[in-house]
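Input: a single structure, listed below in structure tokens.
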Amino acid sequence: QVQLVESGGGLVQPGGSLRLSCAASGSIFSVNAMGWYRQAPGKERELVAIVTTAGSTNYVESVKGRFTVSRDHPKNTVYLQMNSLKPEDTAVYYCYARIRPRWTNTALNDYWGQGTQVTVSS
């Protein structure tokens, strides 16, 4: 009963920008963290950026200075602004959320979006 709905992926030229959005909905008690992972062909899924309820952010080194993750807490929505995109950013991007659902007292569960393709190519 918790869903993550993503939008914003697509094809972009090197140096271009995209903005990904992800909204969490359902039987949510609280959201501990939201962010983005990505997986390129033949590679392990890696953390791209994440933000906690306290506002702390973490980025993979390769996107620092280019990507910005932010949250709209009342809407349970996370964004990833991607600037100066490079071909090596090409991957399926997955929204991630760590959520305490209403049916548990203390547990935190991990939820994933369906993934959205980001392709950076000239």
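Quick one: plug the Kirkwood hydrodynamic radius of the chain (C-alpha pairs) into Stokes-Einstein at 4 °C, 1.567 mPa s, and report D in µm²/s.
For the chosen part, D equals 89 µm²/s.
Please work out the average accessible area per residue across the chain, using the 1.4 Å probe convention, and give it in Å².
53 Å²
Choose one answer from A49, A40, A24: the residue with the largest mean-square fluctuation in a GNM of the chain with alpha-carbon springs under 10 Å.
A40
Computed on alpha carbon atoms, what radius of gyration and Dmax characterise the range 5-72, expressed in Å?
13.3, 40
Once Lys and Arg get +1 and Asp and Glu get -1 on their Cβ, which of G9, W36, A54 lies farthest toward the positive end of the dipole of the chain?
Sorting the options by dipole projection puts first A54.
Determine the distance separating the Cα centre of the range 1-43 from the Cα centre of the range 44-122; give it in Å without decimals.
6 Å
Can you find, among G65, A24, W112, the residue sitting farthest towards the positive end of the charge dipole of the chain, where Lys and Arg contribute +1 and Asp and Glu -1 at Cβ?
A24
Of the accessible area of the range 1-96, with the probe set at 1.4 angstrom, what percent is carbon plus sulfur?
On the range 1-96, the fraction of accessible area on carbon and sulfur atoms equals 49 percent.
GNM, the chain, Cα, under 10 Å: largest mean-square fluctuation among K75, K86, K43?
Maximum fluctuation in the GNM of the chain, among the listed residues, is at K43.
Of E46, E61, E88, which has the largest mean-square fluctuation in a 10 Å C-alpha GNM of the chain?
E61
Can you return the lysines within cross-link range of K64? Criterion is Cα-Cα under 18 Å, with same-chain partners fewer than 8 residues away left out.
K86
The values are calculated or read from the model by the stated rules, or taken from the named source; none is laboratory data. Keep in mind it's a predicted model, so treat the numbers as computed, not measured. So basically every Cβ, Gly included, is an ideal-geometry build from the backbone, and we count neighbours across all protein chains shown. Just so you know, the surface numbers come from the protein's heavy atoms only, side chains and all, with ligands and any DNA or RNA stripped out. Shrake-Rupley method; radii C 1.70, N 1.55, O 1.52, S 1.80 Å.
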